[in-house]
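Here the structure is laid out as structure tokens; the discussion comes afterwards.
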Amino acid sequence: MRSSGGFHGRRIQKTGGSTYIISLPKNWVTARGLRPGDTLLFTPRADGSLTVFAESKGPPVAERRVVVVGNTDDEEHLFRRLIAEYIAGYPLLEIRTSGRMSARTREVIRNFAQRMIGPEILEETAESVVLQDVVGANPLPIPSIIRREHQMVRSMQADAMAAFRSRDESIAKDVVERDWEVDRLHWFLEKQVTSALRDARILATLDLTLPECSTYLLASRVLERIADHAVRIAESVALLDRERTPERVVAELERMADAAAAALADALDSLDHRDIDKANAVIDAAHRLARERDHVLREIASKRGRLAICLAYVLESLERSAFYASDLAEIAINRAVESPVGRTEAEGGERPLAQAPGA
């Protein structure tokens, strides 16, 4: 046996006409309670490695996470804590207080369970609430989540600008409310990736490599941030009141909104197809939009009061959306260099994201 840097080396031996075998480290076998005759499962990885784990001898026992909170905790702080626990990916989450749980704390937990994908209230006592993840590790392919997020973000961008032009506060309110849908998809994707990092078996069910998981998580974060800027545009509608909006400025902002939306679509396409040229075009477009912003900013500077503030909010959000798209394009360039389309899995490369399972 040879050991180096935490790796155990074993020589391959041949037995019979076509069977190759290696021995297993004794410490690993005994630590897992394995005996001769037990079955090991393995899955080949795109990088040429194998993941090995022991076959379960019985039904899996759901791992329980116990979280102690206080009835006096700030509601937003408690909600954020629950999101963090959700992303950690435990099948059972028990929220407990030192004494009787207040109605206020219980309401925050119920609201959290309703907003997230997966958690359902399994049981309640005077001091605790237990949530169970009824969805599981891989109910929806990650590429499908990214496509759904993009569809929602594109729709929110378009509706936010429609609300801005028509000063329709009902449309603006709808955009704000839909932001939660993007958030919950992002948190769900983050939970899946976190679970895959912790358990190689979950990673195998995703049928993705760790670099692919990282790329999708970054893409989801970009989409979530762009959705936030669509919300900011929608919220600016209330600032307009009866102020007259210059048609020329509105037309210029709408043109910039179309350019930002097109940049996002092209960035995702370049990520999907490892297209460096298209990714560079997205980055160049973002820089052009930034230069054009100065012209619009001079127009806005001549306005006063709430109108100027509202127009500045919209302009900044459009610019930030374009630069988030350029961030995604940079990620696409990095991924294209790391694993070009032409490389096959047998050569150690990865399949194009467009061909990911469930795409």
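A short reminder: the numbers here are calculations on the coordinates, not readings from a lab. In this text the structure is predicted, and so the values were computed from the model without any measurement. With ideal geometry, Cβ positions are generated from the backbone for all residues, glycine too; neighbour counts draw on all protein chains shown.
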Checklist entry - For the Cα atoms of the chain, what angle does the longest principal axis make with the long axis of helix 169-198, in degrees from 0 to 90, nearest 10? => result 20
Next on the checklist: I need the phi-derived Karplus couplings for the range 96-103: 6.51 cos²θ - 1.76 cosθ + 1.60, θ = phi - 60°, integer Hz, Gly and Pro marked x.
Outcome noted: 10, 10, 5, x, 4, 6, 6, 4
Item to check | Option label - Cα Rg over 2.2 N^0.38 Å computed here, alternatives [x] 1.24; [y] 1.09; [z] 1.65 | outcome: [x]
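Work out, step by step, the length gained on full extension between Ala31 and Ser18: first 0.36 nm times the residue separation, then minus their alpha carbon distance; give nm to one decimal. Could the numbers behind the result be given before it?
Numbers: separation 13, 0.36 × 13 = 4.68 nm, distance 3.08 nm.
So the chain would gain 1.6 nm between Ala31 and Ser18.
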Checklist entry - How high is the relative contact order of the chain, given as a whole-number percent (alpha carbon pairs under 8 Å, six or more residues apart)? => result 15
Next on the checklist: Below 14 angstrom from the Cβ of Tyr20, what's the summed charge of the other residues (Lys, Arg +1; Asp, Glu -1)?
Outcome noted: +3
Item to check | On Cα atoms only, tilt of 210-235 relative to the major axis of the chain in degrees | outcome: 20
Checklist entry - Among the lysines, which have Cα under 20 Å from the Cα of Lys303 when same-chain residues fewer than 8 positions away are ignored? => result none
Checklist outcome for this item: If amide H atoms are modeled at 1.01 Å from N in the peptide plane, then the residues at a separation of 5 or more from Thr51, or on another chain, having amide H under 5 Å from its own are Thr43, Arg45
Item to check | Residue with peak Gaussian network fluctuation, the chain [Cα springs, cutoff 10 Å], from Asp241, Asp159, Asp183 | outcome: Asp241
Next on the checklist: Tell me which of Ser102, Ala162, Val175 sits at the most positive position along the dipole axis of the chain, charges placed on C-beta atoms (Lys, Arg +1; Asp, Glu -1).
Outcome noted: Ser102
Checklist entry - Which one of Ser302, Leu34, Val130 has its Cα pushed farthest toward the positive end of the charge dipole of the chain, where Lys and Arg give +1 and Asp and Glu give -1 at the Cβ? => result Leu34
Checklist entry - If you find the alpha carbon centre of the range 192-223 and of the range 127-183, how far apart are they in angstrom? => result 20
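What full-extension length gain, to one decimal in nm, is calculated for Arg10 and Ala126 as 0.36 nm per residue of separation minus the Cα-Cα distance? All intermediate terms of the calculation are to be shown ahead of the outcome.
Numbers: separation 116, 0.36 × 116 = 41.76 nm, distance 5.56 nm.
Extra length available between Arg10 and Ala126 comes to 36.2 nm.
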Checklist entry - What percent do you get for the relative contact order of the range 142-355 when only Cα pairs under 8 Å and 6+ apart count? => result 25
Next on the checklist: Per-residue counts of other Cβ atoms within 10 Å, averaged by peptide: what ranking do you get for 187-193, 214-220, 200-206, 34-40, highest first?
Outcome noted: 187-193, 214-220, 200-206, 34-40
Checklist entry - Which whole-Hz ³J(HN,Hα) couplings does the range 199-208 yield from phi under the Karplus relation 6.51 cos²θ - 1.76 cosθ + 1.60, θ = phi - 60°, glycine and proline marked x? => result 9, 4, 5, 5, 4, 5, 5, 6, 6, 10
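What ranking, highest mean first, results for peptides 323-333, 296-306, 77-87 when packing means the other Cβ atoms within 10 Å averaged over each residue? Mind dumping the intermediate values first?
Values: 323-333: 22.5, 296-306: 13.6, 77-87: 17.3.
Highest-to-lowest ranking by the protection proxy: 323-333, 77-87, 296-306.
Divide by every residue of the chain the summed helix terms, -39500 (n - 2.57) for each DSSP H run of at least 4, and state the resulting mean residue ellipticity at 222 nm, rounded to the nearest 500 deg cm²/dmol. Please report the intermediate quantities before stating the final value.
Details: 11 runs with 212 residues, N = 359.
My calculation for the chain gives -20000 deg cm²/dmol from helical runs alone.
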Checklist outcome for this item: Between Leu34 and residues 5 or more places away or on another chain, the pairs with built amide H atoms under 5 Å apart involve none
Next on the checklist: List the residues, sorted by chain then number, that are 5 or more residues from Leu208 or on another chain and whose placed amide H is less than 5 Å from its amide H.
Outcome noted: none
Item to check | Sites Glu247 and Arg288, calculated FRET efficiency, Cβ-Cβ separation with R0 25 Å, nearest 0.05 | outcome: 0.60
Item to check | Within straight-line cross-link reach of Lys191, lysines at Cα separation under 28 Å, skipping those fewer than 8 residues along the same chain | outcome: Lys57
Item to check | Dipole magnitude (debye, nearest 20) for the chain, charges at Cβ of Lys, Arg, Asp, Glu | outcome: 1100
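Return the FRET efficiency for the residue pair Thr39, Glu338: r is the Cβ-Cβ distance, R0 is 41 Å, and the value is rounded to the nearest 0.05. Each step should come with its number before you reach the end.
Working: r = 35 Å, r/R0 = 0.86.
Calculated value: 0.70.
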Checklist entry - Can you give the angle from 0 to 90° between the axis of helix 305-338 and the longest principal axis of the chain, with both taken from C-alpha atoms, to the nearest 10? => result 30
